[in-house]
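Following: one structure in C-alpha cells, then a few remarks.
The values are calculated or read from the model by the stated rules, or taken from the named source; none is laboratory data. Predicted model, so just to flag it, every value in this text is computed and none were measured. A quick note on method: Cβ atoms are made from the backbone with ideal geometry, for glycine too, and the neighbour counts reach across all protein chains shown. When the accessible area is computed, the model is the full protein with side chains, heavy atoms only, and any ligands, DNA or RNA have been set aside. Shrake-Rupley method; radii C 1.70, N 1.55, O 1.52, S 1.80 Å.
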Amino acid sequence: MSFYLTYLARWPDYFHVAEGPGNRTMGYIMGKVEGQGESWHGHVTAVTVAPEYRRQQLAKKLMHLLEEISDKTYNAYFVDLFVRASNSPAIKMYEKLGYVIYRRVLRYYSGEEDGLDMRKALPRDVEKKSIVPMKRPVTPDELEYD
C-alpha cells in the first residue's frame, strides 16, 4: 500500500479512476514522470479495466489521458510501460495505440518471465529517437531508474 501512496503523493495528476453507474470502478491508471534529458518520460505503472467494462475503449481513453499529461504538463519525450512478454492481448492493444517494443528485459517479472519495455514517442521527440529498438535484451539491473 505504501508503494501506491508514495506514487499518489508525488504524482497525483497521474492517477485517474473511471467510474460507472452507482460509483462502480470501471478502471484506473496510475503512473509517474521520470528520467533526465532526452530520457525524461511518462511511465504507466498500472492500467486496469474491470472485466465487465473491457472492449469499450476505456483502456485507450485512460492511456490517452496519461499521454496528454506527459506531453502537455511535463513536456516529456515519450511514454513507456512494461508488459509480460506472454501477454499477447495487452501487447496487441498497446501496438494499436502506437507503442513499439523498445527492448526485452530478461526475467523482469519475479526473476522468471521476460518483460517488454514498450514506448510511444511524444511530440517533443521530433526525430523519434526514444523508440528506436535496442538490438539486444537487457537485465533488470541494467534499467535506469530515478
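Please report the accessible area of MET118 (heavy atoms, 1.4 Å probe, ligands and nucleic acids excluded) in Å², nearest 10.
Per-residue accessible area (MET118): approximately 0 Å².
For the stretch 1-95, what is the accessible area per residue in Å², given a 1.4 Å probe and the full set of protein chains?
Each residue of the stretch 1-95 exposes 57 Å² on average to a 1.4 Å probe.
Could you tell me how far the Cα centroid of the stretch 54-120 sits from the Cα centroid of the stretch 18-34, in Å?
17 Å
What's the tally of Lys pairs in the chain whose alpha-carbon atoms lie under 13 angstrom apart, where the two lysines are 8 or more places apart or on different chains?
6
GLN56: net charge of surrounding residues, Cβ under 15 Å, Lys/Arg +1, Asp/Glu -1, itself excluded? Could you put the intermediate results ahead of the total?
Values: positive: ARG24, ARG54, ARG55, LYS60, LYS61, LYS96; negative: GLU19, GLU52.
Charge balance near GLN56 sits at +4.
Please sort 98-106, 71-79, 45-53 by packing, taking for each peptide the average over its residues of neighbouring beta carbons within 10 angstrom, highest first.
On the way: 98-106: 17.7, 71-79: 19.4, 45-53: 14.4.
Taking the mean over residues of other Cβ atoms within 10 Å, the ranking is 71-79, 98-106, 45-53.
Only Cα pairs under 8 Å and at least 6 apart count here; give the relative contact order of the stretch 3-142 as a rounded whole percent.
Numbers: 248 pairs, mean separation 25.3, N = 140.
That works out to 18 percent.
For the stretch 116-132, take each phi angle, set θ = phi - 60°, evaluate the Karplus expression 6.51 cos²θ - 1.76 cosθ + 1.60, and give the result in whole Hz per residue in order, putting x for glycine and proline.
10, 8, 10, 9, 9, 6, 9, x, 5, 8, 4, 8, 6, 4, 5, 10, 6
Classify the stretch 42-146 from the C-alpha gyration tensor, please: rounded if a/c falls under 1.5, else prolate or oblate depending on whether a/b exceeds b/c.
oblate
Using a ≥ b ≥ c from the Cα gyration tensor of the stretch 1-46 (square roots of the eigenvalues), is it rounded, prolate or oblate, where a/c under 1.5 gives rounded and otherwise the larger of a/b and b/c decides, a/b for prolate?
It is prolate, given that a/c is not under 1.5 and a/b is the larger ratio.
For SER39, SER130, what's the largest-to-smallest order of accessible area, 1.4 Å probe?
Working: SER39 65, SER130 10 Å².
Largest accessible area first, the list is SER39, SER130.
Using a 1.4 Å probe over the heavy atoms of the protein chains, calculate the carbon and sulfur portion of the accessible area of the chain as a whole percent.
Carbon with sulfur: 53 percent of the solvent-accessible area.
Using only Cα atoms, find the angle between the long axis of helix 58-68 and the longest principal axis of the chain, and express it within 0 to 90 degrees, rounded to the nearest 10.
Around 60 degrees separate the two axes.
Show that you can apply the helix-only estimate: for the chain, add -39,500 (n - 2.57) for every DSSP H stretch of four or more residues, divide by all residues, and state [θ] at 222 nm to the nearest 500.
Only helices count here, giving -6000 deg cm²/dmol.
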